[in-house]
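In what follows, a single structure is set out as structure tokens and then discussed.
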Amino acid sequence: MTRARVAFDIPETALIDELFSADALERLGSVADIVDPGSASVLITGWGSAALTTDELERRPALRVVVHAAGTVKRLVTPAVWERGIRVSSCAGANSLPVAEYTLGTILLGAKDAFESARRYRLTGDMHAARPGADAGAYDITVGVVGASRIGRRLVELLAPFDIDVRVYDPSVELPAGGRVRQTSLDELLAASDIVSLHAPSLPETYRMIGAAELAMMRDGALLVNTARGALVDTAALTAEIAAGRLRAVLDVTDPEPLPIDHPLFSLPGATITPHIAGSLGNELGRLGEQVVDEIVSFVRAGILRHEITRAELPLIA
């Protein structure tokens, strides 16, 4: 078996230790030698890695495969990568799991009005006054999932055990009908949903797809959850709806990102802003490292990349 020549191109070296356990590195060592990036046939990239421009690739003449130990490769991969026949693999699938789990937790807590109840309790100390209203709870509510991406589909699966109707909007995907899941138009989804969760990629076609007109379609008191991309939402229009007390939002991504420290969304009742934490972090990084090693082992032994990203699909994914 020919051994691969593998190099790490992850600027934050401490991140390598978080991604790769001793066992993972031992498995990697069974099929590969760690070498200088200039002589590597396989490059492991991650958050902060430089874009693989023509100049960068000139310094890596032996490079044949890039395995990205993170989610999106859009910033990393340039036309020069495809022109040289370099294959690309991403951990976007593995990274989608914690995002879907985070979103599920947010939906269940948001249905209970837990975020605002906690805020009111902290400010008043009055347990009774801080409790949510009679319409709080996740029983028989409708959740709208915008985008049947990896994360969107995983979220739909996670919602299945609950007494929740699910509406899905994605014109590029035909979903099998069944149970409490139904594919609809965006307008119908927005009007019908108690909670709307965004999982569409950031494309020219999806820029501010949730603008003033779309927000106006949402029910009074509805919750908007965004763990996808901030550019999907018109921030000014959403801020106005929250300031008016009509909508609520939990935003793990924003436009711009980060928001200015004095932005009203940080202080408005009804808005909860988290610092882009839905994706893999902490011990969840180990899942990405395991997938990277699995991918390299598969490539060395069988020439197969199980999580390959092609040139054709790159513009369509997150």
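The values are calculated or read from the model by the stated rules, or taken from the named source; none is laboratory data. Not measured: the values here are computed from a predicted model. We place every Cβ from the backbone using ideal geometry, glycine too, and count neighbours over all the protein chains shown. Protein only, heavy atoms only, side chains kept; ligands, DNA and RNA dropped before computing areas. Shrake-Rupley method; radii C 1.70, N 1.55, O 1.52, S 1.80 Å.
Just a few scattered comments:
- Short-range pairs are left out: with C-alpha atoms under 8 Å and at least six residues apart, the relative contact order of the chain is 19 percent.
- Percent accessible area from carbon and sulfur atoms, the stretch 1-130, protein chains only, probe 1.4 Å: 56 percent
- A simple spin-label model places the labels of Glu101 and His263 2.7 nm from each other, with each point 7 Å out along Cα-to-Cβ.
- In the stretch 166-221, GluC sites (Glu not before Pro) in a DSSP loop with at most 16 other beta-carbon atoms within 10 Å: Glu174
- For the chain: accessible area per residue (Å², 1.4 Å): 47 Å²
- By average C-beta atoms within 10 angstrom, highest first, the peptides 81-92, 116-127: 81-92, 116-127
- Applying the Karplus relation 6.51 cos²θ - 1.76 cosθ + 1.60 with θ = phi - 60° to the stretch 237-242 yields 3J(HN,Hα) values of 5, 5, 4, 5, 5, 6 Hz, where x marks Gly and Pro.
- From phi via Karplus (6.51, -1.76, 1.60), per-residue ³J(HN,Hα) for the stretch 48-53 in Hz, x at Gly/Pro: x, 5, 6, 4, 8, 7
- Relative contact order of the stretch 138-273, taken over Cα pairs closer than 8 Å and 6 or more residues apart, is 20 percent.
- Ranked by the mean number of other Cβ atoms within 10 Å of their residues, highest first, the peptides 240-246, 177-183, 310-316 come out as 240-246, 177-183, 310-316.
- Near Ala32, the amide H atoms lying under 5 Å from its own belong to Ala4; only residues 5 or more places off or on other chains count, and H is placed 1.01 Å from N.
- Computed lengthening from Ala51 to Ala14, 0.36 nm per intervening residue step minus Cα-Cα distance: 11.3 nm
- (i) 1.31; (ii) 0.93; (iii) 1.11, with the label sought being that of the calculated Cα Rg over 2.2 N^0.38 Å: (iii)
- Each peptide in 190-200, 271-281 was scored by the mean count of other Cβ atoms within 10 Å over its residues; highest first, the order is 190-200, 271-281.
- If you plug the beta carbon distance of Leu108 and Thr2 into 1/(1 + (r/R0)^6) with R0 = 41 Å, you get a FRET efficiency near 0.25.
- For the stretch 138-273, taking Cα atoms only, Rg and Dmax work out to 14.3, 46 Å respectively.
- Under 15 Å from the Glu313 label point (7 Å along Cα→beta-carbon), backbone N, the stretch 44-81: 68, 71-74
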